[in-house]
Amino acid sequence: MEFFIVYSSPAGSTKKVARAMNEILWKQGMKTFAADLADPIATATVLRHIAASEDHCLCIGSPVYACHAVPPVTSFIAELPAKKNCCAVPFITWGCVTSGLALYEMAEALVQKGYHIAGAASLPAEHSMLWQAEHPLGKGRPDEQDIAAAQAFITKISKNIADQIAGIEPTTLNYQPELLRETMRNLSLDAVREMLPRKTVDATRCTQCNICMAACPAAAITLDPYPTFGPACFLCYRCVRLCPEHAIMADFSTMEAGLRQRAAMFQEKAEPRFFFKQ
Ligand SMILES: Cc1cc2nc3c(=O)[nH]c(=O)nc-3n(C[C@H](O)[C@H](O)[C@H](O)COP(=O)(O)O)c2cc1C
């Protein structure tokens, strides 16, 4: 049994979880292959391996954006070839506002491809829009304990697979209160795009160093001669974070209060959750 660990992680939390899972599986002698969906070569390679394998477990990780998985993850799942005897483990990190419908929707899409859901995991994380805030939502998460719990979880999953213990039904992951589901379903990145901070470029600071373009997980940036953002931009703000000259800017100062209000409204416990057959 081979484990493919595939993730999108513009701000690094999902990657932290993915790496920890990879490391523990590898230590236990499993064959693993990890791919960051921001890397087109790794993505093409893992898709090729998956197409050639009839006996694998696909662990696929996404941050939660506007209650859903991010476009690189949903597109990757859509591109997967149909499988019969393989299993999948969707996992998410979320910024302590709400984990939304991401896990459930990922599991449903994987089942559509023929995968069995061996288990699923949801981990709280620092909210990736609040990195400049003094006390961001989810500060310091996922922490050591969260990571240890994620490793124990994936160890249990690999044991369950070896023991041929059945997985879970995607409906187990449909855990949001029914009243909120419809609202969450109608939310989308496009719907919130106008409400999120707009990126601006200060041409006097930009040195055209190319870092933003190379780091963009959606290949949405062109230097024209200064950064311009194409329609594939899914608002991860990685370019704002990484620009060494602070030439790409976005004002998040008004976001924090609103996000805290939403977190209070959703009342979702910022704790790791793991779903599997005991
Ligand atoms: C555009 C955008 C939308 C987000 N939407 C949500 C959300 O609906 N709920 C939530 O709890 N966190 C939300 N977050 C925070 C991320 O889900 C969280 O920080 C995640 O851990 C980021 O993963 P990464 O570090 O792997 O990129 C959002 C972040 C961004 C940039």
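Worth a mention:
- Test result for L235, part of a loop (DSSP other than H, G, I, E, B) and surrounded by 17 or more Cβ atoms within 10 Å (Cβ to Cβ): yes
- For A219, the conditions (1) surrounded by fewer than 16 Cβ atoms within 10 Å (Cβ to Cβ); (2) closer than 15 Å to D39 by Cα; (3) free of Cβ contacts under 8 Å to residues at least 40 places away in the same chain all hold with the exception of (3).
- Matching residues, the stretch 244-278, being at pLDDT 95 or above, over 21 Å from the mean Cα position of the chain (by Cα) and away from the ligand (no atom under 16 Å from the Cβ): P244, E245, H246, A247
Rundown of residues vs (1) closer than 20 Å to G258 by Cα; (2) more than 19 Å from the chain's Cα centre (by Cα), yes/no style:
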| residue | (1), (2) |
| --- | --- |
| L103 | no, no |
| Q112 | no, yes |
| Q132 | yes, yes |
| A148 | no, no |
| A162 | no, yes |
| L187 | yes, no |
| C212 | no, yes |
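- The helices (runs of 4 or more DSSP H) found wholly in the stretch 107-221 and carrying at least 1 residues that are within 16 Å of the ligand (Cβ to nearest atom) and among the charged types (D, E, K, R) occupy 144-162, 178-186, 189-193.
- Answer from V89, V73, V64 - the residue that is in the same structural domain as Q151 (by TED's automatic domain parsing), modelled with pLDDT of 95 or more, more than 13 Å from the ligand (Cβ to nearest atom) and among the hydrophobic types (A, V, I, L, M, F, W, C): V89
- Residues located in the stretch 222-232, provided they are surrounded by fewer than 20 Cβ atoms within 10 Å (Cβ to Cβ) and either in contact (Cβ under 8 Å) with a residue 24 or more places away in the chain or in a strand (DSSP E or B) (or both): T222, L223, Y226, T228, F229, A232
- Cβ-Cβ under 6 Å pairs, at least 6 apart or on other chains, the stretch 79-102 side closer than 21 Å to E126 by Cβ, far side near the ligand (Cβ under 6 Å from one of its atoms) and in a strand (DSSP E or B): I92/V64; T93/P63; W94/V64; S99/V64; G100/V64; A102/V64
- Some residue of the stretch 157-176 being under 30 Å from D251 (Cβ atoms), buried (at least 21 other Cβ atoms within 10 Å of the Cβ) and of a type outside the set (A, V, I, L, M, F, W, C): no
- Residue selected from the stretch 76-86 under the condition touching a helix residue (DSSP H, G or I) at 6+ places or on another chain (Cβ under 7 Å) and in a loop (DSSP other than H, G, I, E, B), by the criterion nearest to the ligand (Cβ to nearest atom): L80
- Scan of the stretch 16-48 for residues that are of a type in the set (D, E, K, R), within 16 Å of the ligand (Cβ to nearest atom) and in contact (Cβ under 8 Å) with a residue 24 or more places away in the chain, ordered by number: K16, D36
- Residue count for the stretch 69-89 satisfying the condition of being of a type outside the set (A, V, I, L, M, F, W, C) and either in contact with a strand residue (DSSP E or B) (Cβ under 6 Å, 6 or more places away or on another chain) or crowded, with 22+ Cβ neighbours inside 10 Å (or both): 1.
- C59, sole failed condition from (1) buried (at least 21 other Cβ atoms within 10 Å of the Cβ); (2) more than 15 Å from the ligand (Cβ to nearest atom); (3) assigned to a strand (DSSP E or B): (2)
The values are calculated or read from the model by the stated rules, or taken from the named source; none is laboratory data. The structure displayed is predicted, hence computed values, not measured ones. All Cβ positions, even for glycine, are placed from backbone atoms using ideal geometry, and neighbour counts span all protein chains on display.
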